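Visitor: Structure provided below as C-alpha cells; questions to follow.
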Amino acid sequence: VNVDLGPYDEEVHACNQDTECNEVGVSSFPAASVFNVVTADLAEREPQAFELMQNITFPNDQMSALLAWHEENDASVDEAVVYFLQNNQDQWMSWLSEDAQANLEGLF
C-alpha cells in the first residue's frame, strides 16, 4: 500500500528525524543517490559492461513509476524489464555504445 506523504519539505523532514523536535509533520523523503559499485577487476575484465554501468541513470520518479507498474500489474521482473525497454527506448539507447545501438536498432 502506497502512503501519500505529500511533497518533500526540508524543515518538516529534519524535525521528523530529530527526537527532540515536537513539531513533527508529514513530508516525503528527500531524493537519495544510488551508486553502482564494481570491483577494479570487473572494470578491467569487462570494459563494455563497466562503460554501460557508468551510463545508466534513472530519475526517482521514473523508477517509482516503473515499480508501481510492476506491482499494479502483478508483473514479473522480466515483464517489468520488457515494459521499460518498450516504453523508454530513447533513454536506454543513450546508455549504449554506437555499436550496441546499431545491433539493437531493428529489434524495437
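Read-outs throughout are calculated quantities, based only on the coordinates presented, and are distinct from any laboratory measurement. Since this is a predicted model, take the numbers as computed values, not measurements. So basically every Cβ, Gly included, is an ideal-geometry build from the backbone, and we count neighbours across all protein chains shown.
Visitor: Give, as a single signed number, the net charge of other residues whose beta carbon lies under 12 Å from the beta carbon of residue 65, with Lys and Arg counted +1 and Asp and Glu -1.
Guide: -3
Visitor: Taking neighbour counts of Cβ atoms within 10 Å as a proxy for exposure, in what order, fewest first, do 85, 67 appear?
Guide: The most exposed by this proxy come first: 67, 85.
Visitor: Helix-only mean residue ellipticity at 222 nm, the chain, DSSP H runs n ≥ 4 weighted -39,500 (n - 2.57), per residue, nearest 500. What is it?
Guide: -15000 deg cm²/dmol
Visitor: Residue 99: net charge of surrounding residues, Cβ under 13 Å, Lys/Arg +1, Asp/Glu -1, itself excluded?
Guide: Summing Lys and Arg as +1 and Asp and Glu as -1 gives -3.
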